[in-house]
Amino acid sequence: MKVCIIGASGKLGQYMVQHSLDRGYEVVCVCREQSVGKLARFAGRVTVVPGDTNDRAVIREAVAGCDGVLTVLVPWGMRRYASGTAQAVLDFAEPHARLAFSCGWHITRDGKDVYSWQLRALVAVGGFLARLARVVDLNDQVAACDLIFASDRRWTVVRGSDLEEGESQGLPVWSRHVGDPVLASNLTRRVDFALFMVEALTDDNLVQEAPAIVGRLSESARRHAA
Ligand SMILES: NC(=O)c1ccc[n+]([C@@H]2O[C@H](COP(=O)([O-])OP(=O)(O)OC[C@H]3O[C@@H](n4cnc5c(N)ncnc54)[C@H](OP(=O)(O)O)[C@@H]3O)[C@@H](O)[C@H]2O)c1
């Protein structure tokens, strides 16, 4: 199995690289030129294609021949970074490839998610201020996911809860909708978010699903997971 990890130099990306290597996958990494050094510990074990993740030529080269593509969707700047990345992956990934994209709970596929006032306030106020400062455009991550949801590709959009560092607790638990009691703890280890992304590539039950995840040892998961 050959996988491409787009946004490989970030925290989530590096965990996905490690999980993929642990499975014996051949790994191609895409990251910004200035971040190539962050992948030094994987030198000799991965191929690195440097460049912006919304650069279509970069993505075209990186995903060629890959059976799986793991994409960290980040709404940096005001240049359609997330939606440009998503569109390039949808356009250039191999027809059979499994595609997994990361985002947060704030993304909704069908409008049936039920959010706490805290999350709504954070997205509204934080999103407004970040957009005002032209640092982050949360709307572009929404646009990216809308492109994916409308696609007939073999995608999974993994919606992460709040994240923390720490040892793996195993594969997170998921639900189709935020607001489901199983998700109430709203906390996942970042290493396990990455694990879920990598596992999604080989789980056909997750094709065209947008699972919202939570740590499997979180209180709500232990109480409500069947
Ligand atoms: N943080 C949370 O609490 C949280 C919660 C739920 C879901 N998520 C989701 O998890 C995923 C990973 O997020 P993360 O917060 O954990 O961060 P992360 O894994 O550290 O990833 C950040 C990514 O953004 C890139 N980046 C940073 N500055 C950039 C810039 N100015 N222009 C372009 N790219 C830039 C980084 O690349 P470089 O290495 O090149 O800097 C890296 O690939 C995202 O999809 C996010 O929506 C995060």
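The values are calculated or read from the model by the stated rules, or taken from the named source; none is laboratory data. This is a predicted model, so every value here is computed, not measured. Backbone-built Cβ (ideal geometry, glycine too); neighbour counts: all protein chains shown.
Considering (1) more than 9 Å from the ligand (Cβ to nearest atom); (2) touching a residue at least 40 places away in the same chain (Cβ under 8 Å); (3) assigned to a helix (DSSP H, G or I); (4) in contact with a strand residue (DSSP E or B) (Cβ under 8 Å, 6 or more places away or on another chain), the lone condition that GLY13 does not fulfil carries the number (1). Filtering region 185-202 to residues that are assigned to a loop (DSSP other than H, G, I, E, B) and without any contact (Cβ under 8 Å) to a residue 40 or more places away in the chain leaves SER185, LEU187. Selection within region 140-169: residues that are surrounded by 15 or more Cβ atoms within 10 Å (Cβ to Cβ) and in a strand (DSSP E or B). The member of this set that is farthest from the ligand (Cβ to nearest atom) is ARG154. Of all the listed residues (ASP113, ASP137), the sole one being crowded, with 18+ Cβ neighbours inside 10 Å and at pLDDT below 90 is ASP137. Scanning region 170-177 for any residue that is surrounded by 15 or more Cβ atoms within 10 Å (Cβ to Cβ), in a strand (DSSP E or B) and β-branched (Val, Ile, Thr) turns up at least one such residue.
A single entry from VAL89, VAL58, VAL30 fulfils the requirement of being in contact with a Pro (Cβ under 9 Å, 6 or more places away or on another chain), within 29 Å of ARG131 (Cβ to Cβ) and assigned to a helix (DSSP H, G or I): VAL58.
The set of residues in region 61-110 that are more than 11 Å from CYS4 (Cα to Cα), away from the ligand (no atom under 11 Å from the Cβ), surrounded by 21 or more Cβ atoms within 10 Å (Cβ to Cβ) and not aliphatic (A, V, I, L, M) contains only SER83. The residues in region 50-60 that are in contact (Cβ under 8 Å) with a residue 40 or more places away in the chain and either under 14 Å from SER9 (Cα atoms) or near the ligand (Cβ under 9 Å from one of its atoms) (or both) can be counted, and the count is 1. Take the conditions assigned to a strand (DSSP E or B) and surrounded by fewer than 21 Cβ atoms within 10 Å (Cβ to Cβ) and apply them to THR47. Does it pass? Spelling it out, THR47 is indeed assigned to a strand (DSSP E or B) and surrounded by fewer than 21 Cβ atoms within 10 Å (Cβ to Cβ).
Scanning region 2-31 for residues that are at negative phi and touching a Gly at 6+ places or on another chain (Cβ under 7 Å), we see that the one that is surrounded by the most Cβ atoms within 10 Å (Cβ to Cβ) is ILE5.
In region 159-179, the residues that are under 9 Å from GLY215 (Cα atoms) and modelled with pLDDT of 95 or more reach residues that are away from the ligand (no atom under 16 Å from the Cβ) and part of a loop (DSSP other than H, G, I, E, B) with C-beta atoms within less than 6 angstrom, at least six apart or across chains, in these pairs: GLN169/ARG216; GLN169/LEU217; GLY170/ARG216; PRO172/ARG216; VAL173/ARG216; VAL173/ALA225. Taken over region 181-202, the criterion of being within 15 Å of VAL69 (Cβ to Cβ) and either of a type in the set (Val, Ile, Thr) or surrounded by fewer than 19 Cβ atoms within 10 Å (Cβ to Cβ) (or both) is satisfied by VAL198, GLU199, THR202.
For LEU122, the conditions (1) surrounded by 13 or more Cβ atoms within 10 Å (Cβ to Cβ); (2) touching a strand residue (DSSP E or B) at 6+ places or on another chain (Cβ under 9 Å); (3) of a type in the set (A, V, I, L, M, F, W, C) all hold with the exception of (2). Within region 61-86, the set of residues being over 14 Å from GLN141 (Cα atoms) and outside any strand (DSSP E or B) comprises GLU61, ALA62, VAL63, ALA64, GLY65, CYS66, ASP67.
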